[in-house]
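Have a look at the structure below before the remarks.
The values are calculated or read from the model by the stated rules, or taken from the named source; none is laboratory data. Just so it is clear, the structure is predicted and the values come from calculations on it, not from any experiment. Counting neighbours? That spans all protein chains shown, and the Cβs are built from the backbone with ideal geometry, glycine included. The accessibility values were calculated without ligands, DNA or RNA, using every heavy atom of the protein model including side chains. Shrake-Rupley method; radii C 1.70, N 1.55, O 1.52, S 1.80 Å.
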Amino acid sequence: KAFDVFVLSSRTEALSYTILEAGIAGLPIVASRVGGIPEIIEDQISGLLATPGSTTEFKSQLERYINSPDLRSAHSHVLEKRIREQFSIQQMVSETLALYRE
């Protein structure tokens, strides 16, 4: 919660627990558009995504958040709600058990 913005500039990533944790902490997030990250963050709705390895895109997305506290707040609220509803421990355990039952 001490951060203003959380950045994850991975080149590869599965389902990132660090993004889930940062989102629950109410942080706006700029992350790479790789792996399972777009399943958590909807670009321009619940966070900002950038092409992996593109320092120009990451810089641009960070500047958007720096220049718009309202955007940071809006995205962080949408993301926190999304994580609580779709990525809770209970939800993930339930879905995992359902896969095993199939």
- Note on the structure: Checked the stretch 38-102 with the C-alpha gyration tensor, a ≥ b ≥ c its square-rooted eigenvalues, rounded below a/c of 1.5, otherwise prolate if a/b is larger than b/c and oblate if not; verdict oblate
- Query: With the contact rule set at Cα under 8 Å and sequence spacing of 6 or more, what percent relative contact order holds for the chain?
  - Reply: 26
- Message: Please compute the per residue accessible area over the chain with all protein chains in place, 1.4 Å probe, rounded to a whole number of Å².
- Response: 61
- Task: Return one number: the angle in degrees, 0 to 90 and rounded to the nearest 10, between the long axis of the Cα atoms of helix 89-101 and the longest principal axis of the Cα atoms of the chain.
- Result: 50
- Helix axis angle, 69-86 relative to the chain longest principal axis, alpha carbon, degrees: 10
- Item | Nitroxide proxy distance, nm - points 7 Å out along Cα→Cβ at VAL93 and GLU63 | 4.6
- Message: Which one, VAL7, GLY47, VAL93, projects farthest toward the positive side of the charge dipole computed for the chain from Cβ point charges (K/R +1, D/E -1)?
- Response: VAL7
- Message: Give me the dipole magnitude in Debye, nearest 20, for the chain about the Cα centre, with unit charges on the beta carbon: positive for Lys and Arg, negative for Asp and Glu.
- Response: 120
- Would you work out what percent of the accessible area of the stretch 19-100, with all protein chains in place, is carbon or sulfur (probe 1.4 Å)? 55
- Task: As a check on your grasp of the helix formula, calculate [θ] at 222 nm for the chain: sum -39500 (n - 2.57) over DSSP H runs of n ≥ 4, divide by the residue count, round to the nearest 500.
- Result: -16500 deg cm²/dmol
- Tell me which residues come under 5 Å, amide H to amide H, from ASP43 once H is placed; ignore anything under 5 positions away on its chain. none
